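Heads up: the structure comes next, in structure tokens.
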Amino acid sequence: MRNAGRLSGVTSLSKGANVPVAAAAVRAVLGWTGGPGIPDLDASALLLTASGKVRSDADFVFYNQPGHASGAVRYSGKQGSVDGLEVNLAGVEGDIDRIALCASADGGTFGQVPGLNLRILDGGGAEIARFDIAAGAETAMLCGELYRRAGGWKFRAVGQGWSSGLAGLATDFGITVDDAPAPAQGAQAPRPAQPSPSPRPSPPAESYPQYGQPPQPQYGQSPQSPQYGQSQPTHTQPQYGQPSQPQHGQPPLPQHGQPPLPQHGQPPLPPYGQQPPQYGQPQHGEPYYSQHGQQQPPPPPQFGGQPQAPQPRLPHMPSPSDLAGLAPPGSAAPGGAGPRGGQPGVRLTKGEEQLPVDVRKRLSLRKEQVAVSLAKHGVQGLTARVVLVLDASGSMTMLYEKQVVHRVVERMAAVAAQLDDNGAMQAWTFASNPGRLPDLTIAQLPQWISLHVRCGQMKLLPGRARGLQPGQIDMRQIGIQNEEQKVIAQVREYVRATPQRVPTIVLFFSDGGVYKNQEIERELRAAVDEPIFWQFVGLGSKNGYGVLEQLDTMAGRRVDNVGFFAVDDIDRITDAELYDRLLSEFPSWIDDATRAGILR
């Protein structure tokens, strides 16, 4: 044992030192001194083979995937400034060589966190080892590891940091993190710095092995760290309840996600930065836009006539093993239809670490709820392309000014993040004419909403509108009337031109005013043999939705390729109810389309 000292019967380790672990089960406890302005931390674990990599994404145990399938490692939840993992060393599978004990910082860097330490406790709560960790600009950290040696287990103090957050750390150990597409033209791409520690010579048998990329530094040396300001916050920071921590041999903790998810709008969503630039003043005789320019903040959403109190702590979904009984991954659908989804669980999408903390928290909860909704319908793990269509006709003006549409888009981003392989969403706006918007990517969600969720443009003068940002559409070209059939045709053309092996779901939002009934019906009947499901959502229309209300029951189609529901006030609909209604008909269409040969 190197560089270890005894303090009051406890082994205090320096960086690189190791100590034998005789206990059959241990708790790894991450601790720090919290307070105002101090980033919050999350513990996580990676089960690694002798190659230094995971076997699959299932070997990553963290707040969104709290239990390993083997039962050997479990994320036990947070209590104030303490977070922990339960490790049953006797139950670790034979091909797992080591367990990396990691941490990530939410809303800052480890250098801003005082009192950072990792303790290893035995089943009775006695401290086996303690490692006090020094850090700088890192946002993710390999704190220590439990590893096999000569038929037993040891713990080593590591203290290696990453500036690229949880996603960067996980990727280096073989976890699949969805790549974000290139940003829209003119948008500034985030450039998180990767640490580049100096390579070290080949270690002796008892020293810490290299783990792929990046190379490990010499023990006692700190890895090179990026300058402050170059790294982004890492990932969604959930706030758990305060469950008691059971000792080994006692019943396990309750599964995350058993408490009900909070109502949408608790607390109400804040506006996204500055509003898009105004394009002149309303012209006389333009009744659709008479309110434009009189921006007012939206009131807090009311649920059942009473404002909801903010939820101080946010629950999480059940572990993948809890969902696994609902439908086996990749199993055949009833009636002999094709596959209805793969491994359940919440996707970790690259780019989440770049979002503001409050947006990440909402996104994380919503992805979980989407996963639960899919599991209810037996399609957990389903992959699909998600397309968003937003009505920007004149009657929608107030819904944009009150930022109702902005909040809708944020909620739909969670559907894309959970369903789509790359976490991106193609998007259109339409009124008299359709307009293709830049793809919505998770990393740029707030900026995308601020730039592209727009309705109307006042000065109907010749030439290019002043003040347009890169990628923005001149809304004068979109107009004010309802021509749904044009955007439907354009989405169909896009799907044909970019075929994929997965189905497409179109989330189509409109407040009514529909009058091109025959043309709309003709387009959707023609689309019945295409791998697209059209889910229309009506937003608070007082005059009805025209043919949209009858599309779900159109006769003479091989499969029902359309769903429709309307809501008076979508802010009053919980995430659970909204996602259940959005996804309720999608699974049955997948079954029917598979049997009909539309999906293969």
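The values are calculated or read from the model by the stated rules, or taken from the named source; none is laboratory data. What you see is a predicted model; the values in this text were computed from it and never measured. Glycine gets a Cβ as well: all are built from the backbone with ideal geometry, and neighbour counts include every protein chain shown. Remember, those area values only see protein heavy atoms, side chains included, never the ligands or the DNA or RNA. Shrake-Rupley method; radii C 1.70, N 1.55, O 1.52, S 1.80 Å.
Any residue that is in a loop (DSSP other than H, G, I, E, B) and modelled with pLDDT under 90 - is there at least one of those in segment 139-149? No.
Pairs meeting the criteria (first residue in segment 372-396 and assigned to a loop (DSSP other than H, G, I, E, B), second residue among the β-branched types (V, I, T), beta carbons under 6 Å, at least 6 apart or on different chains) are T383/V502; A384/V502; A384/I505; A392/T429; A392/I478; S393/I480.
Of the residues R411, R362, the single one that is in contact with a Lys or Arg (Cβ under 9 Å, 6 or more places away or on another chain), within 27 Å of A140 (Cβ to Cβ) and touching a residue at least 60 places away in the same chain (Cβ under 8 Å) is R362.
Of the residues in segment 508-515, at least one is within 23 Å of K486 (Cβ to Cβ), of a type outside the set (S, T, N, Q), open to solvent by less than 60 Å² (accessible area, probe 1.4 Å) and modelled with pLDDT of 95 or more.
Of the residues making up segment 32-86, those that are part of a loop (DSSP other than H, G, I, E, B), touching a Leu at 6+ places or on another chain (Cβ under 7 Å) and aromatic (F, W, Y) number 1. If I ask for residues that are among the hydroxyl-bearing types (S, T, Y) and surrounded by fewer than 24 Cβ atoms within 10 Å (Cβ to Cβ), which ones from segment 125-163 would you list? Across segment 125-163, the qualifying residue is only Y147. Scanning segment 499-514 for residues that are in contact with a helix residue (DSSP H, G or I) (Cβ under 6 Å, 6 or more places away or on another chain) and assigned to a helix (DSSP H, G or I) turns up nothing.
Taking the residues in segment 465-494 that are outside any helix (DSSP H, G or I) and touching a strand residue (DSSP E or B) at 6+ places or on another chain (Cβ under 8 Å) as candidates, determine which candidate is surrounded by the fewest Cβ atoms within 10 Å (Cβ to Cβ). Checking each candidate, the answer is G471.
Taking A103 as the residue in question, decide whether it is in contact with a strand residue (DSSP E or B) (Cβ under 8 Å, 6 or more places away or on another chain) and open to solvent by 40 Å² or more (accessible area, probe 1.4 Å). No: the conditions fail for A103. Within the span defined as segment 556-567, one or more residues are closer than 24 Å to V409 by Cβ, touching a residue at least 12 places away in the same chain (Cβ under 8 Å) and open to solvent by 30 Å² or more (accessible area, probe 1.4 Å). When I128 is tested against (1) more than 21 Å from V357 (Cα to Cα); (2) β-branched (V, I, T); (3) without any contact (Cβ under 8 Å) to a residue 60 or more places away in the chain, exactly one condition is not met: (3).
Taking every residue in segment 500-523 that is free of Cβ contacts under 8 Å to residues at least 40 places away in the same chain and pairing it with any residue that is of a type in the set (D, E), at least 6 positions away or on another chain, the pairs with Cβ-Cβ distances below 8 Å are V514/E484; K516/E483; K516/E484; I520/E484. Among the criteria (1) surrounded by 17 or more Cβ atoms within 10 Å (Cβ to Cβ); (2) in contact with a Gly (Cβ under 8 Å, 6 or more places away or on another chain); (3) modelled with pLDDT under 95; (4) not β-branched (V, I, T), the one L524 does not fulfil is (2).
Among all residues of segment 17-37, there is none that is hydroxyl-bearing (S, T, Y), closer than 14 Å to A170 by Cβ and either surrounded by fewer than 17 Cβ atoms within 10 Å (Cβ to Cβ) or under 27 Å from the mean Cα position of the chain (by Cα) (or both). Set side by side, the residues T429, T383 differ, and just one is at negative phi, modelled with pLDDT under 95 and not basic (K, R), which is T383.
Just one of the listed residues (Q485, Q403) is at positive phi and in contact (Cβ under 8 Å) with a residue 12 or more places away in the chain, and it is Q403. With respect to (1) over 15 Å from the mean Cα position of the chain (by Cα); (2) within 26 Å of I488 (Cα to Cα); (3) aliphatic (A, V, I, L, M), the lone exception for V386 is condition (1). Of all residue pairs spaced 6 or more apart or on separate chains, those with beta-carbon atoms under 6 Å, a first member in segment 67-86 that is open to solvent by 10 Å² or more (accessible area, probe 1.4 Å) and a second member that is among the basic types (K, R) are G67/R74; E86/R27; E86/R74.
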